[in-house]
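The values are calculated or read from the model by the stated rules, or taken from the named source; none is laboratory data. Owing to the predicted nature of the structure, the values given are computational and were not obtained by experimental measurement. Cβ sites come from the backbone with ideal geometry, for glycine too, and all protein chains shown count toward neighbours. With ligands, DNA and RNA removed, areas are computed over all heavy atoms of the protein, side chains included. Shrake-Rupley method; radii C 1.70, N 1.55, O 1.52, S 1.80 Å.
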Amino acid sequence: MSNCHVSVNLFGHNGMRVNLPINLINVADTQEISNSQEIFVYRDSGASIIIDILQKVDIEDPKRQRRYHRFHLDAIAEDNDSMEHSSSVIQRPITNELSPIVLDGRQVLKKAGSIHHIRTLFALFRVKGKNHDVVVSFNIPTETGQGRGRNGAVTAEQEQLIALDFYRAVDSLRIVDYNLFAV
């Protein structure tokens with residue numbers, strides 16, 4: 001949620017690059033995380049950014065192939081023990097040559113005895129010629145049991161600014177070194 005963004009190297013010095021807000025906390029600076037994941041958190045809320053390199057999802061059934069982009073988002077909801085979740089494809093001009101599929105998802109979770117509402121902005125990048133997908137997800141807590149702007153939940157204004165950060169990141173993501181992906 002900053003007007004100031006900076007190009008950030010991901011997965012080593014020359015793996016990928018993305019424009020992110022300058023004031024994020026890189027979780028790798030404080031704890032060990034997987035080599036196939038980058039995690040950043042906002043300083044002023046419970047919002048987070050997760051960038052994953054995942055095994056490519058190949059669905060054999062041609063009728064279901066149009067839904068492979070939902071597979072990863074459904075997995076996020078399952079990992080969160082979501083009580084319910086939904087998503088919709090965002091039809092928006094994307095200026096990224098990698099042609100990501102963008103979804104706007106909602107989850108309802110029960111945590112610490114209260115109901116939490118999470119908005120997940122999600123982009124799936126299919127890496128051509130490789131057996132991997134890159135997933136960018138911005139997880140935005142909109143309600144954490146004590147109202148907007150409390151207990152890690154964002155205000156409506158913060159939610160809009162984080163959404164702008166998401167689209168800036170999606171538009172700017174570049175794979176610098178395709179050797180990052182095992183065949």
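Round to a whole number: what % of the accessible area of segment 107-155 belongs to carbon and sulfur, probe 1.4 Å? All intermediate terms of the calculation are to be shown ahead of the outcome.
On the way: 880 of 1910 Å².
Ligands and nucleic acids excluded, carbon and sulfur give 46 percent.
Each peptide among 155-164, 130-139 gets the average number of other Cβ atoms lying within 10 Å of its residues, and from highest to lowest they stand as 130-139, 155-164.
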